[in-house]
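So the structure is just underneath, and the comments pick up after that.
Nothing in this text is a laboratory measurement; each read-out follows from the coordinates by a stated rule. What you see is a predicted model, and the numbers here were worked out from it, not measured in a lab.
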Amino acid sequence: MMATDLVRRCRCKEFHVALPFKLYDMRLLPGVLVMTIFSANLEAQKIDSPYVAPYFLPTPNGYTTEVIPFPIEFAPSINYNGVEDLRFTAGWGNAATEDYWSYAFLWWLEGAPEINENVVTNNLKAYYSGLVGRNIKPRNIPENKIVPVQVKVTPTAATAGDAQTFEGAVYMLDYMQQKPITLHVRVHVRTCDNKTVLFNEISPQPYNHVLWKALDEIWNGFKCSK
């Protein structure tokens, strides 16, 4: 995303940037994952400017990161104040890998917005409809390949420490391969003082795949403060 589409990739221990806080959504150059990252190790993420995370969210080795402010450019109907903090697996944009389309993102939100099954469903539908929609024209995807985004989410037994946990699926167009894909989702909800936290785990792999353990470990390492 360039300053609005997935961006530049860097394998470095620490990369400091001073950028105007427009930041970046998710876009790919054809066949290549490109991201701007601030930190790519398991240590606390350090961002000089303009955003310093007040929480701790680990970044596993090989993962890359991205921070996006709300409102999200490609999903403005998700009406929150806060930031989205992403963790991309090494093979996120490589269809030949097992971790293709596998990543996680934290929403650090101001206040106490209502969170329930319908809200989570509608948020995910708006998010992925916008993400797919912004890739149709740049990738010259023909109309007959476009499929409507469908989301099904249900509450599940709350993970330890969660106020609520949801699981479900997003059916959408994989704009990189230009064919439909189903992404399994797990959404954790937690409160940190006057903040609401949603942690979204995403992968087309089934829940019993080892990759979900890696995504779960990111959430297990989350702390409301550093």
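In Å and on Cα atoms, what radius of gyration and Dmax does the stretch 82-191 show?
Just the Cα atoms of the stretch 82-191 yield Rg and Dmax of 15.0, 45 Å.
Quick one: which residues, 5+ away or cross-chain, put their amide H under 5 Å from the amide H of F70? H built at 1.01 Å from N.
Close amide H contacts, sequence-distant or interchain: G82, V83, E84.
Where q = 0.18, 0.19, 0.22 Å⁻¹, what log10 of I(q)/I(0) comes from the Debye formula for the stretch 138-226, counting one point per Cα?
The Debye formula, applied to the Cα set alone, gives -0.86, -0.91, -1.07.
Rg and Dmax of the stretch 141-189, Cα atoms, in Å?
14.3, 45
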